[in-house]
Amino acid sequence: MRVPVAWLRSYCDPGLSASQIADVLTMSGIKVERLHRVGVGDPAAFVVGRVLEAERHPNADRLSVCRVDDGGEQPRTIVCGAPNVAGGQMVAVARPGAVMPDGTHLGEPKLRGVRSSGMILAEDELGVGEDHTGILVLEDDGLAPGTPLAEALPIADEVIEIEITPNRPDAMGVYGVARDVHAVTGTPLVEDPTAPDPEPAGADRAEEHAHVEIADPEICLRFTARVFEDVKVGPSPAWLKQRLMAAGQRPISNVVDITNYVMLISAQPLHAFDLDQVRGSRIVVRRAHEGEALTTLDGVERRLSSEVALVCDAEGPSGIAGVMGGQVSEVSAKTTRVLMEAATWVGPNIMRTSRGLGLRTEASARFEKGLHPELAMAGQRLATRLMIDLCGARLVPGTLDAYPKPVGRRRVGLRLGRIGALVGEAVPEDEVHTVLERLGFEVAHGGTGQLEAVVPPSRDGDVQREADLIEEVARIHGLDRLPATLPARRRAVGRMGPAQRLRRRLEDALRDRGASEVVAYSFTSPSALERLGVDPAEALAIRNPLSEEGSVMRPLLLPGLLEALGHNAAHGRPGLALFESAHVYAAVTGDEEGDGSDPVRAAEEAPAGARPARESHHLAALLTEAVPPTWRAQARVADFYAAKGLVEALLVIAGIEWRIEPGARPFLHPGRAATVRGAADGRELGWIGELHPLVERAWEVPPAAAFELDADAIAELAPARGHDGYRDLTSFPAVVQDVAVVVDEDLSAARVEAAVRAGAGELLRSIRIFDLYRGEQLGAGRKSLALRLEFRAPDRTLTDAEVAERRSEIEGALAEIGGGLRA
């Protein structure tokens, strides 16, 4: 929201600069986004002038040569193109060197041979309106030529832009912001501009002119309307136009400008109807019929759902409640009778309507935060005074007020001792009284050490309990004045558990190897899963998703990594290694066992209609380069073995014996994918593989390899840290032998290694494959794997006979899988 500083000072002037006022607001809890200037440059270059004479330009039919008294020694000659310029007028003059609102520097140009020493200004050239049909003619109310124009018009101002949180709709009105400044600084606050209520005129009643009905109280808490006769529609005065423009609103006409002005002051939106265009002189609030159409004030015909609240007349829709009015009853230059509406709409309904229509307005932004019904009458009172003063209108006696369930004022108790317990510092009782009263609360004693506060309507949605009152006291007292202390937590040890420590070590290991961490959303889209070849129906659907892009919970971490890779690749950074450590979500089936889940309990605790789910922690990585480029060599593209190397490093850190076996995944390259399992019990720990070419194409990413591990399962299998893992360093030498094993082409190296380990027994300390050979002498469909075996005994030096015996056992084990040792 934009808050013009001059407007703010008209209610509470603390004698501070605009930047100091912004600091006050920031420290009181209202976030200031930025501070900037609007209007002209140096106001001293703009003065009041009197047109002494205006003659036709000798060389141009549409220009006038004017002699203008601007308070100087000699009148200025100014060439003017406005059709309404005439002698005797008091006008706004910009002297040479002036800086206009758009940043233009005014010079002394020759216009058709006549030098123009200045400029007679129109509204839009001063930034106080949008009219450019003629110059701005000032009221001749004692202003002398040469008087600074700033004394007659607000031609320059500073604007504070603030971000409004959902709990502070009162701060969407300038008076609400001024109240906070008053509370912090103690500067006097002028009387609430919505308080006085002008006297009506005439013997008729509002009920004789119109009727109001709320057909659906679930969408409207209160609907008030006042009737104005003898309305003269025309331009607003310059001061009103300038305030609206400084606040970001476009001046339209005095009636419409009044509704916007009241909203900007009090945060209560209003809407003006041309009463002669309200068919049947009847207003009914109801929900729209499915597919019902309405043309709004912006000229767009909108099809409405049954969720939308409507303001209707006797023949159909007249406006979308709380969002935008309709053209059918729009105020125009011909309007003489106005029905002024101030209503209270249900916030969530307005939010859904605004989002569904893609139509967010200043009114909807306020209503969706929730306004108290009493604010409707406050807005009516201020609008009435302005309608009488600016439109010459007559207020018809009586207010049409449909209020099905009146809402009372909220009372909240406050224990003074509780303030110190919550904020860490006691606040004196007299200061608590002062702060709350400055904020508009009615405060009374509620007993020893207790107060009772009546919440003002503008703060009803925010202050509902004792803690809220304490927050109000603390933010005005000064959060920066409170002592910095750690929160008191009973029995808080502040240590990580074994599984957390292990995850931290694994994450650090990936960082040490050059991988960058990614933090992605926990939800994804069905289309993302389809691009991976995963059935979206197997994922957990979110009951109330924010959008289709986040309508299911992710069953694996790969989608987020692919999105990050695609974004970086599109911006010229294809060579990456990314990882994520986060939760994934899967539906629990009745036959799941042995994974630590309790499907029966999950089903009992799940809400009606929901699928029971299991949440687990995974660790995944995606890499496009195995080795980065250097000046001597190009980068080596990541492949299956690059990903496997990272997995091996992680599982070594975890202290887990593991193995891999062929395992297809729809998103992985056929033949270049594997399942990771625990060596002891065969429990699945994750997968490794290269991306499927179709997946690379669908996600528009370069070739990459990936893996994903179940960090919870790894933590369960990891041995406990301590002396149980200690092994003595033996002084007895090892016997190292290299053997060549011939097997069928389709037999995996893992099965060969398992057979060798089974035959070698406990004396085999390590095994490493260091070569692969294929040749004619081996025969078709055969391959040779070279293995380096290390035998060692903890208590003696092994003999050749013992090693030969182990070798014979290895040959027998290899024979069982169709292999053998090469001579």
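The values are calculated or read from the model by the stated rules, or taken from the named source; none is laboratory data. Everything numeric here is computed off the predicted structure, so don't read it as measured data. Heads up, the Cβs are rebuilt from the backbone with ideal geometry, glycines too, and the neighbour counts pull from every protein chain shown. Note: accessible area is taken over every heavy atom of the protein model, side chains too, but ligands, DNA and RNA are not part of it. Shrake-Rupley method; radii C 1.70, N 1.55, O 1.52, S 1.80 Å.
Here are the numbers:
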quantity: Single unsatisfied condition, residue 303 versus (1) closer than 21 Å to residue 393 by Cβ; (2) open to solvent by 30 Å² or more (accessible area, probe 1.4 Å); calculated: (1)
quantity: Sole residue being under 29 Å from the mean Cα position of the chain (by Cα) and assigned by TED's automatic domain parsing to the domain that holds residue 664, chosen from 529, 510; calculated: 529
quantity: Criterion violated by residue 805 - all others in (1) acidic (Asp, Glu); (2) open to solvent by less than 70 Å² (accessible area, probe 1.4 Å); (3) closer than 13 Å to residue 761 by Cβ satisfied; calculated: (2)
quantity: Filter result (in contact with a helix residue (DSSP H, G or I) (Cβ under 6 Å, 6 or more places away or on another chain) and over 13 Å from residue 224 (Cβ atoms)) within the stretch 388-407; calculated: 390, 391, 393, 395, 396
quantity: Residue tally, condition touching an Asp or Glu at 6+ places or on another chain (Cβ under 9 Å) and buried (at least 16 other Cβ atoms within 10 Å of the Cβ), over the stretch 791-802; calculated: 2
quantity: Counted residues, the stretch 239-287 - those being over 22 Å from residue 126 (Cα atoms) and part of a loop (DSSP other than H, G, I, E, B); calculated: 5
quantity: Scan of the stretch 420-434 for residues that are buried (at least 18 other Cβ atoms within 10 Å of the Cβ) and more than 32 Å from the chain's Cα centre (by Cα), ordered by number; calculated: 427, 432
quantity: Any hit, the stretch 782-790, residues being in contact (Cβ under 8 Å) with a residue 12 or more places away in the chain, assigned to a helix (DSSP H, G or I) and either open to solvent by 60 Å² or more (accessible area, probe 1.4 Å) or not polar (S, T, N, Q) (or both); calculated: no
quantity: Filter pass, residue 451 being modelled with pLDDT under 95, crowded, with 20+ Cβ neighbours inside 10 Å and farther than 30 Å from residue 285 by Cβ; calculated: yes
quantity: Qualifying residue in the stretch 341-350 (condition: in a loop (DSSP other than H, G, I, E, B) and open to solvent by 10 Å² or more (accessible area, probe 1.4 Å)); calculated: yes
quantity: Residue list for the stretch 759-781, restricted to those being outside any strand (DSSP E or B) and within 26 Å of residue 659 (Cβ to Cβ); calculated: 759, 760, 761, 762, 763, 774, 778, 781
quantity: Contacts under 7 angstrom Cβ, first residue in the stretch 272-301 being over 17 Å from residue 327 (Cβ atoms), partner among the aromatic types (Phe, Trp, Tyr), 6 or more apart; calculated: 285/223
quantity: Criterion (aliphatic (A, V, I, L, M), at pLDDT below 95 and within 26 Å of residue 264 (Cα to Cα)) met by exactly one of 427, 463, 443; calculated: 463
quantity: The stretch 472-486 - residue that is within 27 Å of the chain's Cα centre (by Cα) and open to solvent by 90 Å² or more (accessible area, probe 1.4 Å) and, of those, farthest from residue 413 (Cα to Cα); calculated: 480
quantity: Test for residue 296: is it touching a strand residue (DSSP E or B) at 6+ places or on another chain (Cβ under 8 Å) and within 30 Å of residue 178 (Cα to Cα); calculated: no
quantity: Residues (open to solvent by less than 10 Å² (accessible area, probe 1.4 Å), part of a helix (DSSP H, G or I) and not hydrophobic (A, V, I, L, M, F, W, C)) located in the stretch 372-401; calculated: 379, 380, 384
quantity: In the stretch 202-235, the residues that are of a type in the set (Gly, Ala, Ser), within 41 Å of the chain's Cα centre (by Cα) and open to solvent by 10 Å² or more (accessible area, probe 1.4 Å); calculated: 215, 234
quantity: Those residues of the stretch 70-108 which are open to solvent by less than 50 Å² (accessible area, probe 1.4 Å) and outside any loop (DSSP other than H, G, I, E, B), in sequence order; calculated: 78, 79, 80, 90, 91, 92, 93, 94, 99
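Table: residues versus (1) in a strand (DSSP E or B); (2) among the small types (Gly, Ala, Ser); (3) at pLDDT 95 or above.
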{"site": "195", "(1), (2), (3)": "no, yes, no"}
{"site": "217", "(1), (2), (3)": "no, no, no"}
{"site": "221", "(1), (2), (3)": "yes, no, yes"}
{"site": "225", "(1), (2), (3)": "yes, yes, yes"}
